[in-house]
1. Taking amide H positions as placed 1.01 Å from N in the peptide plane, with prolines and chain starts having none, which residues 5 or more places from Ser93, or on another chain, fall under 5 Å of its amide H?
2. Order the peptides 87-93, 62-68 from the highest to the lowest mean number of other Cβ atoms within 10 Å of their residues.
3. On a full-extension model of 0.36 nm per residue, what is the gain between Trp49 and Leu68, subtracting their alpha-carbon distance, rounded to one decimal in nm?
Amino acid sequence: MPRSCEPPQLLLHPTATRVRWYAEPHREYTCRELLADRFINFAMAALAWVGAVTLSYTSWLAGDPWLLQLAFALHGFGMVAMSHSSAVFHYYSFDHGAAARLYCYCLLYTSPSPRDS
């Protein structure tokens, strides 16, 4: 059965309704679980910006060496990139083809290296 390009409208269904959001073999989730997950992902994405700016600005105000300021800025960028990637992956996981492509891109960064064996 072809999948829709639009995500299921989680707010239009009773919170106990079960939805296949992630591809097999993952279980079905209730709309309540998916809404909580969405809230956490997007709140984390918003707070990552606040944290990144605050961290960089505080380091600048403290007069830290430029290399330390750069390290804090890069750490903040990492927080923003990670939180946004998580939110995007969750949002598009209902489209199992797109989720598989996103998952493959993520595996490029998380797959074991030869040093791990």
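What follows draws every value from the coordinates through simple rules; no lab data is involved. Values in this document were obtained by computation on a predicted structure and should not be read as measured data. Reconstructed Cβ throughout: ideal geometry from the backbone, glycine too, with neighbour counts over all protein chains shown.
1. Distant-sequence amide H within range of Ser93: zero hits.
2. Taking the mean over residues of other Cβ atoms within 10 Å, the ranking is 87-93, 62-68.
3. Extra length from Trp49 to Leu68 when fully extended: 5.0 nm.
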